[in-house]
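The values are calculated or read from the model by the stated rules, or taken from the named source; none is laboratory data. Keep in mind that what you see is a predicted model, and the values were worked out from it rather than measured. So basically every Cβ, Gly included, is an ideal-geometry build from the backbone, and we count neighbours across all protein chains shown. Note: accessible area is taken over every heavy atom of the protein model, side chains too, but ligands, DNA and RNA are not part of it. Shrake-Rupley method; radii C 1.70, N 1.55, O 1.52, S 1.80 Å.
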Amino acid sequence: MTDAKELKRIRIQAVANGVDEVAVAMERKWGVDRLRRTVSDDLRERFHRQARKWNEALFNYDLPEIYKHGTAMRKGWQMLYRVAEQAGAGALKPHVWEAVSPSGKVIALVPDEAHGPAAAETSNGRWVEVWTIQEIARLIEQEPWSVVGKVKEAFPGAIVTDFRQKDLLDDEIPF
């Protein structure tokens, strides 16, 4: 039997997952942090105010407010989408993939140098670091990343989420 506290957590997670799904779909189509930059200052400000209310509801663990502002966030994303499309703003080119690094930097991955300008065209004032597949391939073959490649070879399908190389020669002698 699920207690009331656990049921509340499940409901909050369900709403948060729904909002995240919409946000991820928009960022996949428009680029990370790009869609909101394609609309008017007024609409962008209203979206930011709504996002703040959503985050406050989550922080306060307030289920009725989470329902209310989760619905509003989904509508907000959809409004940004409609307005951007009506204004003729171009969605992210399909040959540009974007991700946010742990430091918050937007990374654009393109198949080759010829597609680099497409990432720059869709930046809309954001600072975007562009990488080609060939650049990534060269890095993977070099130290220290070749060590990660050996881990992936030993564990097919493994996803590396963190990597720290420890230089054993710089350690203090433990005796």
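Positive contributions from Lys and Arg (+1) and negative ones from Asp and Glu (-1), summed over other residues with Cβ under 15 Å from the Cβ of I136, come out at -4. Taken about its Cα centre, region 14-62 carries a charge dipole of roughly 220 debye when the Cβ of each Lys and Arg holds +1 and the Cβ of each Asp and Glu holds -1.
Shown in residue order for region 125-141 are the 3J(HN,Hα) couplings computed by the Karplus curve 6.51 cos²θ - 1.76 cosθ + 1.60 at θ = phi - 60°: x, 7, 8, 10, 8, 9, 10, 9, 4, 5, 4, 4, 4, 5, 5, 4, 7 Hz (x for Gly and Pro). Using only the alpha-carbon atoms of the chain as identical scatterers, what base-10 log of I(q)/I(0) does the Debye formula give at q = 0.12, 0.14 Å⁻¹? Reported log10 I(q)/I(0), two decimals: -0.79, -0.93. Using a probe radius of 1.4 angstrom, the carbon and sulfur fraction of the accessible surface of the chain is 56%. Taking amide hydrogens as placed 1.01 Å from N in the peptide plane, the amide H of L92 sits under 5 Å from those of W30, G31, each at least 5 positions away in sequence or on another chain.
Packing order of peptides 142-155, 14-27, highest average first: 14-27, 142-155 (average count of other Cβ atoms within 10 Å over each peptide's residues).
Under a 5 Å amide H cut-off, with hydrogens placed 1.01 Å from N, V130 pairs with A108 among residues at least 5 apart or on other chains. Each Lys or Arg adds one and each Asp or Glu subtracts one; over the other residues with Cβ under 10 Å from the Cβ of R34, this totals +1. Structural size metrics of region 23-77, computed from C-alpha coordinates, are Rg and Dmax of 11.8, 32 Å.
Net charge near E65: determine it from the other residues with C-beta under 13 Å of the C-beta of E65, scoring Lys and Arg +1 and Asp and Glu -1. Here the count lands on +3. Looking at the chain, the accessible area is 71 square angstrom per residue; that uses a 1.4 Å probe and ignores ligands, DNA and RNA.
With the whole protein complex present, W77 retains an accessible surface near 30 Å², based on a 1.4 Å probe.
Estimated purely from DSSP H runs of n ≥ 4, each contributing -39500 (n - 2.57), the mean residue ellipticity at 222 nm for the chain is -18000 deg cm²/dmol once divided by its residues.
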